Amino acid sequence: MKILLKTFLFISIINLSYAQVSTNDNSNLFLSTSTINISIGGSFLVTGSFSALITERVDAFVTRIYNEAKEKSLRITNDPEELLKLKKELENYSLRNITLKRVNGEVLKLDLLKFRVNGDYKNNPYLKNDDVLLFEPMDLETNYFSIDGAVNKPGKYPFVDGDKISDAIELALGLNKAYDKNLSYEIRRLSYDGTELQKINSGMNPDYPLQRGDRIVIYADQTQRRDFNVLVLGEVNSPGLIPINKTGLPLKQIIEEAGGLTKSASLNGAKLFTGNSITFLMQKLYGFKTENFYTENQQKVFNALVDIQSKMMVRMSNLTEVDTTYFYLEDELRVLTEGATINFNKVYEEGSPESQFIVKDGDVIFIPQQDHNVYVYGQVPNPGKIPFVLYADYQSYVDRAGGFGEYADDEVMLIKANSREWLPITENDYKIEEGDFIYVPRVPLHSFEYYVSRFGTYLSIVASAATIVLLLIQFGK
């Protein structure tokens, strides 16, 4: 009897527990481990029948199936071009206007893109056994609308019959709160043959119906509350980003707001780079991202600007190279170092144009350290920095660098620290200053083939000349 009673109580407890658990889908262990069959059709990455948890909603199921199929698809090839093509094909489906057909004949239209924007579960119901999901192809060439202007996410979106301006604004993540002055809507609508453009003023009506191909513009007075900055690097007391206004600030004021110059600052080599050129430089030449190189890579930016100075060394040289090569060098440096030609030594002269020069958003000021040396390199045994001595001549610096090497050329060059101008030291009218460079070039060395070729050319010229002389003699007889 006791055994029967215990068995009865055990079965009752199980039934009671099942009844309680079944009232809560999220905690029902039995339901969460049960699977149902779902079919996918239309334009999706994969189609066919798939298993789903009975507790899965449409968005979770679609995301899971998509990610699994995508991972398998991308394993097919390692070719970069094929991978790029494949990734584009993987996105060729729309999260809008999905048809959900149930086994009882019920048909629902779902918009997962809207669900992901507003979280409304009417567009993301639970799945039931034998549900069928049908996807439309993604066609942003003809079946679209676009929205631009004062919205948070401008762009192109798949069009669905019944779309209104309010739907477009919702998918664009709403109106941008920064643009709060004089909002107005305009729809630009092409004729069917694409020859006529109609401009429709909707009168701020959010329920105005859209058509395929409509381009919506939300106009607003442009806000100027932006993060305007100038980056100051090098020998200032507080290097970094200096906040400015829209129109910019005088160069002298920028330096003062950066804490002023340090005692070791050198204005001779100071440079001002414009925002356009520095952005191009950091992105294309050094691979920095525009949005974070100011804050995350200040030391790298500093080193890069120093590197530019060395690249400019070749610019004013008399080195013999093919003219086109020199032209490309000039043009590259013109783009990379585009900026104002400012004499920083005059910045602190009261009333000078340099002190009032306006520095604008995105510009970079680079102030190097004083260098109380002269750099000697080239055909010398011990190239490097030699302490500057007032009135010392180039021979003195060369001697302290170990003297001329065996293959040194006589035409020694003085490269000025500020202008990077190359000056041949042939007279005693040069002036060596702190930070200058002395370059001892190498005597051109040629191979045996080179001399044979040159000798052959000379023989050819001599033979031609001799032939002409003989002909003249013959004609003169």
Q) Looking at the stretch 243-253, which of the residues that are closer than 21 Å to Asn345 by Cα and part of a strand (DSSP E or B) is farthest from the chain's Cα centre (by Cα)? A) Pro250
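This table checks each residue for (1) without any contact (Cβ under 8 Å) to a residue 40 or more places away in the chain; (2) acidic (Asp, Glu); (3) under 30 Å from Thr247 (Cβ atoms).
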position: Pro154; (1), (2), (3): yes, no, yes
position: Asp163; (1), (2), (3): no, yes, no
position: Ala172; (1), (2), (3): yes, no, no
position: Leu190; (1), (2), (3): yes, no, no
position: Ser202; (1), (2), (3): yes, no, no
position: Asp207; (1), (2), (3): no, yes, no
position: Asp227; (1), (2), (3): yes, yes, yes
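Tell me the residue from Ser73, Ser94 that is closer than 17 Å to Gly41 by Cα, touching a residue at least 24 places away in the same chain (Cβ under 8 Å) and out of contact with any Phe, Trp or Tyr (no Cβ under 6 Å at 6 or more places or on another chain), please. Before the answer, list the steps.
Values: Ser73 fails: closer than 17 Å to Gly41 by Cα.
Result of the check over Ser73, Ser94: Ser94.
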Q. Of the residues in the stretch 76-91, how many are among the polar types (S, T, N, Q) and under 15 Å from Gly42 (Cα atoms)?
A. 0
Q: Among residues belonging to the stretch 39-88 that are among the hydroxyl-bearing types (Ser, Thr, Tyr) and not in a helix (DSSP H, G or I), point out the one that is farthest from Asn129 (Cα to Cα).
A: Thr77
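For (1) surrounded by 14 or more Cβ atoms within 10 Å (Cβ to Cβ); (2) at pLDDT 80 or above, each residue gets a yes or a no:
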site	(1), (2)
Phe8	no, no
Ile14	no, no
Ser27	no, no
Ala52	yes, yes
Val62	yes, yes
Glu68	no, yes
Leu86	yes, no
Q.
Out of the residues in the stretch 128-145 meeting the condition of being surrounded by 14 or more Cβ atoms within 10 Å (Cβ to Cβ) and of a type in the set (Asp, Glu), tell me which one is farthest from the chain's Cα centre (by Cα).
A. Asp130
Q: Among the residues of the stretch 244-257, count how many are touching a residue at least 60 places away in the same chain (Cβ under 8 Å), buried (at least 16 other Cβ atoms within 10 Å of the Cβ) and either at negative phi or among the basic types (Lys, Arg) (or both).
A: 6
Q.
If Asp148 satisfies all but one of (1) without any contact (Cβ under 8 Å) to a residue 60 or more places away in the chain; (2) within 28 Å of the chain's Cα centre (by Cα); (3) surrounded by fewer than 18 Cβ atoms within 10 Å (Cβ to Cβ), what's the number of the condition it fails?
A. (1)
Q: Read through the list (1) buried (at least 16 other Cβ atoms within 10 Å of the Cβ); (2) on the phi > 0 side of the Ramachandran plot, then give the number of the only condition that Tyr391 fails.
A: (1)
**Q.** In the stretch 380-411, the residues that are in contact with a Phe, Trp or Tyr (Cβ under 6 Å, 6 or more places away or on another chain) and either in a loop (DSSP other than H, G, I, E, B) or modelled with pLDDT under 90 (or both)
**A.** Pro383
Q) Are any residues in the stretch 168-207 touching a Ser or Thr at 6+ places or on another chain (Cβ under 6 Å), surrounded by fewer than 14 Cβ atoms within 10 Å (Cβ to Cβ) and within 21 Å of Tyr144 (Cβ to Cβ), and if so, which ones? A) Pro206
(Q) I'd like to check something: does the stretch 217-230 contain any residue that is over 29 Å from Ser419 (Cβ atoms), aliphatic (A, V, I, L, M) and in contact with a strand residue (DSSP E or B) (Cβ under 6 Å, 6 or more places away or on another chain)? (A) yes
Q) For the stretch 417-424, does any single residue satisfy the condition of being of a type in the set (Lys, Arg), at pLDDT 65 or above, exposed (fewer than 12 other Cβ atoms within 10 Å of the Cβ) and under 24 Å from Phe388 (Cβ atoms)? A) no
Q: Take Ile65 and decide whether it is touching a residue at least 24 places away in the same chain (Cβ under 8 Å) and closer than 27 Å to Asn143 by Cβ.
A: yes
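The values are calculated or read from the model by the stated rules, or taken from the named source; none is laboratory data. All of these numbers come straight from a predicted model, not from anything done at the bench. Every residue, glycine as well, gets a Cβ built from its backbone with ideal geometry; the counts of neighbours run over all protein chains shown.
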